[in-house]
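The values are calculated or read from the model by the stated rules, or taken from the named source; none is laboratory data. Just so we're clear, the structure is a prediction, and the values are computed from it rather than from any experiment. Cβ placement follows ideal geometry from the backbone for every residue including glycine, while neighbour counts extend to all protein chains displayed. Surface areas here come from the heavy atoms of the whole protein model, side chains and all, with no ligands, DNA or RNA. Shrake-Rupley method; radii C 1.70, N 1.55, O 1.52, S 1.80 Å.
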Amino acid sequence: MMPKTNPEKPILRVFAGDVVSPSPVWMMRQAGRYLPEYKAVRAKTSSFLEFCYTPDAAVEVTLQPLRRFGFDASIVFADILVIPDALGQKVAFKEGEGPVLDPIRDLEGLKKLNADGVITHLAPIFETLKRLSAEIPKTTGLIGFAGSPWTVAVYMVEGRGRTDCERARAWAYRAPDEFQMLMDILVDATSRYLIEQVKSGAEILQLFDSWAGVLSVDQFRKLVIKPTRRIVEIVKAACPTVPIIGFPRQCGVMIPEFVRETGVDGVSLDHGVPLDWAFREIPETCVLQGNLDNRLLVVGGDALDRGVDDILLKSKGRRFIFNLGHGIVPETPPDHVQQVIDRIRGK
Ligand code: CP3
């Protein structure tokens, strides 16, 4: 169990072992295009990565949802694809299409990756974290994050987001040693990146494994559980008290094994996971986070209230962090976010 580091922050109290009521709440992608004030700042920079590497802009858009909604945690504004970018792969974000990368599909491509400059390249994100830790309210937790090796590898190999990951899955079967090289590079770069985030002020870390659900059981153990366990070990060796949240999306019955084998302190659940089942199957030492359907947040009204109430009922008396099952989508009306916060806090 974690030492009671900062009793003023409800989210850290949950990791320290307390049941906090009402549960702390934050939302994945709480900064983003559903907020007009985000779009206004974003419009000033054409390249999304450049935007992530501009501390003035990144600090501002991280703070925007806090000002509006008073979330219990703030997540540093960046992206999971800064790691391939820092390794020297070409990464671009195209309007209406999302990320586009120069795909890596063979040993030649792997050999071009260079891990030496990762920390220097990502220095602006550490600067953003330092400023945020000075600027956020004293009751708000500061979350750092990275993509998990498997999910980042999917983008690196496929070259884009809309995919069923066929090339990455095939490569991992066809040439496991080559694919392992890629995973090792990512474990190393991601661990160093996360440790530096903690040194810069991150109080909690989250690992996003958005594509974890496409794997067979054997490959899930090899490409999700093992690399995540390595990252947890390396980060904890340097930063023993920082809580780490895993997010193995759409992994259903494999989640208890994921928790047991990786040593994460918390697990973020997608909306397909029955909360009562998760509370039964996952040891109490692991904090659960989740898992409102992000579509309900678009719909609003009574349906949204019922969705929130269901989660509140099932998580009552437990160590829990209220969140979505996946990130906020751009068409979400900001008022619906406020509706959720008010319902949780009983206003
Ligand atoms: O508020 C926050 O949550 C912090 C910032 C954050 C972003 N991306 C900003 C972003 C976080 C935590 C992420 C994580 C991320 N990025 C994931 C994991 C979570 C998930 O959604 O599954 C993934 C897979 C990515 C990769 C990525 N980045 C994609 C597929 C896209 C395009 C889709 C889209 O929504 O546009 C992005 C772009 C991106 N990352 C935007 C934001 C706010 C939108 C781009 C813009 O504003 O121009």
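In the set Ala86, Ala73, which member is within 22 Å of Pro330 (Cβ to Cβ) and either crowded, with 21+ Cβ neighbours inside 10 Å or out of contact with any Cys (no Cβ under 8 Å at 6 or more places or on another chain) (or both)?
The unique qualifying residue is Ala73.
Across the range 49-70, what is the number of residues that are under 23 Å from Lys112 (Cβ atoms) and either buried (at least 19 other Cβ atoms within 10 Å of the Cβ) or near the ligand (Cβ under 9 Å from one of its atoms) (or both)?
The total comes to 2.
Residues checked against (1) outside any loop (DSSP other than H, G, I, E, B); (2) among the charged types (D, E, K, R); (3) more than 16 Å from the ligand (Cβ to nearest atom); (4) within 19 Å of Tyr34 (Cα to Cα):
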{"site": "Val308", "(1), (2), (3), (4)": "yes, no, yes, no"}
{"site": "Leu313", "(1), (2), (3), (4)": "yes, no, yes, no"}
{"site": "Phe322", "(1), (2), (3), (4)": "yes, no, no, no"}
{"site": "Pro330", "(1), (2), (3), (4)": "no, no, no, yes"}
{"site": "Arg343", "(1), (2), (3), (4)": "yes, yes, yes, no"}
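Please go through the range 186-223 and pick out each residue that is more than 18 Å from Val264 (Cβ to Cβ) and in contact (Cβ under 8 Å) with a residue 24 or more places away in the chain.
Once the filter is applied, which keeps residues that are more than 18 Å from Val264 (Cβ to Cβ) and in contact (Cβ under 8 Å) with a residue 24 or more places away in the chain, the range 186-223 yields Asp188, Ala189, Arg192, Glu196, Lys199, Ser200, Gly201, Val214, Val217, Gln219.
When both residues are 6+ apart or on different chains and their Cβ atoms are under 8 Å apart, which pairs have a first residue that lies in the range 172-185 and is over 21 Å from Val232 (Cβ atoms), and a second that is not in a helix (DSSP H, G or I)?
What qualifies is Glu178/Asp106.
Pairs please, first residue from the range 91-118 and away from the ligand (no atom under 16 Å from the Cβ) and open to solvent by 70 Å² or more (accessible area, probe 1.4 Å), second anywhere and in a helix (DSSP H, G or I) and at pLDDT 95 or above, Cβ atoms under 8 Å, 6+ apart in sequence or on different chains.
Within 8 Å, the pairs are Arg105/Val157; Arg105/Arg167; Arg105/Trp171; Asp106/Glu178.
What residue, of Ala73, Ala86, is closer than 24 Å to Tyr193 by Cα and over 18 Å from the mean Cα position of the chain (by Cα)?
Of Ala73, Ala86, the one residue that is closer than 24 Å to Tyr193 by Cα and over 18 Å from the mean Cα position of the chain (by Cα) is Ala86.
Look through the range 120-164, keep the residues that are within 14 Å of the ligand (Cβ to nearest atom) and hydroxyl-bearing (Ser, Thr, Tyr), and return whichever of them is surrounded by the fewest Cβ atoms within 10 Å (Cβ to Cβ).
Thr163
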